[in-house]
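The values are calculated or read from the model by the stated rules, or taken from the named source; none is laboratory data. Because the structure is predicted, anything quoted here is derived from the model rather than measured. FYI the Cβ positions are ideal-geometry reconstructions off the backbone, even for glycines, and counts take in every protein chain you see. To get the accessible areas, we keep the full protein, side chains included, count just its heavy atoms, and leave off ligands, DNA and RNA. Shrake-Rupley method; radii C 1.70, N 1.55, O 1.52, S 1.80 Å.
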Amino acid sequence: YYALGDGVYKSTDAGETWRHMGLDQTGRISRIVIDPQNANSVYVCAVGQGFRPQHERGVFHTVDGGTTWKQVLAVNDSTGCSDLAMDPNDPQTLFAGTWQLDIKRWDLHSGGLGSGVYVTHDGGATWSRLAGHGLPAADHPLGKIAVAIAPSNPDRVYALLQDAPAPGLYRSNDGGQSWELVNQSHLPDERSPYYTRMAVSPDDENLLYFPSVAFT
């Protein structure tokens, strides 16, 4: 639980050499997303260190290749970012899953009102929390969250939510405006704090992959 990273590293020679680019206190980074139209625009989804309240949790953005960073999504000092997905046709649109997490040596408490699904349509300048319209209400505590956008149809968005009594896989066909609960199987999200990841096939919006206790 206490093995931590020390930030972001960057290579400009295909991995031959690396340079530290800051975000030292973010601890655990769950996703790095690069704007396909601008390699200097990079988003970092940081869970945080987890074992203490801290400000260095959430989504960070650089527009100068990592020289400077701005925190663009921060929920609270106990909530970080568990996943991040960028619309392949519109790099200004991103979906984020946030995760309220508190780790002790004797306990891993995953979940709370800080966990949720967020969207930005202006590159992170402003974010809206998505609740209702098929998703759980904002006052419903959730755990770890994964998000994904179908490369072949960016209007198709998925959210996998750690929830009780069963996890929920939600699907949107209109870019996140409305959602439908499509599956509550435990198989894609067993041991949710350890997994809760997914990927959509690049050429089939209905084909998803879930790394979990078993690969499904």
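Collect the residues in segment 5-47 that are among the hydrophobic types (A, V, I, L, M, F, W, C) and part of a strand (DSSP E or B), keeping them in residue-number order.
Filtering segment 5-47 for residues among the hydrophobic types (A, V, I, L, M, F, W, C) gives 8, 14, 18, 21, 23, 29, 32-34, 39, 42, 44-47.
If the condition is that a residue be among the hydrophobic types (A, V, I, L, M, F, W, C) and part of a strand (DSSP E or B), then I29, I32, V33, I34, V42, V44, C45, A46, V47 are the ones that fit.
Quick one: L108 ticks every box in (1) among the aliphatic types (A, V, I, L, M); (2) open to solvent by less than 60 Å² (accessible area, probe 1.4 Å); (3) farther than 18 Å from T196 by Cβ bar one, so which box is it?
Evaluating L108 over (1) among the aliphatic types (A, V, I, L, M); (2) open to solvent by less than 60 Å² (accessible area, probe 1.4 Å); (3) farther than 18 Å from T196 by Cβ leaves (3) as the failure.
If you take the residues of segment 38-53 that are modelled with pLDDT of 95 or more and surrounded by fewer than 21 Cβ atoms within 10 Å (Cβ to Cβ), which of them is nearest to W99 (Cα to Cα)?
Checked segment 38-53; the qualifying residue nearest to W99 (Cα to Cα) is S41.
Return the residue satisfying two criteria in turn: it lies in segment 205-216 and is outside any loop (DSSP other than H, G, I, E, B) and at pLDDT 95 or above, and of such residues it is least open to solvent (accessible area, probe 1.4 Å). Walk me through how you get there before you give the answer.
We begin by selecting, within segment 205-216, every residue outside any loop (DSSP other than H, G, I, E, B); these are 208-209, 211, 215.
In the following step, the residues that additionally are at pLDDT 95 or above were identified as 208-209.
Numbers: L208: 26, Y209: 95 Å².
So the residue we want is L208.
Test of understanding: among D77, D90, D174, D163, which residue is charged (D, E, K, R), modelled with pLDDT of 95 or more and within 22 Å of P36 (Cβ to Cβ)?
Numbers: D77 fails: within 22 Å of P36 (Cβ to Cβ); D174 fails: within 22 Å of P36 (Cβ to Cβ); D163 fails: within 22 Å of P36 (Cβ to Cβ).
One residue alone meets the criteria, D90.
I'm checking my understanding of the structure. Among residues of segment 192-204 that are open to solvent by less than 50 Å² (accessible area, probe 1.4 Å) and part of a loop (DSSP other than H, G, I, E, B), which one is farthest from L130 (Cα to Cα)?
Per the criteria, the residue is S201.
Give me the pairs: first residue in segment 134-147 and touching a residue at least 60 places away in the same chain (Cβ under 8 Å) and over 16 Å from E180 (Cα atoms), second residue open to solvent by 20 Å² or more (accessible area, probe 1.4 Å) and not β-branched (V, I, T), beta-carbon distance under 6 Å, and six or more apart or on different chains, which are they?
Hits for this filter: K144/S110; K144/Q162; K144/P193.
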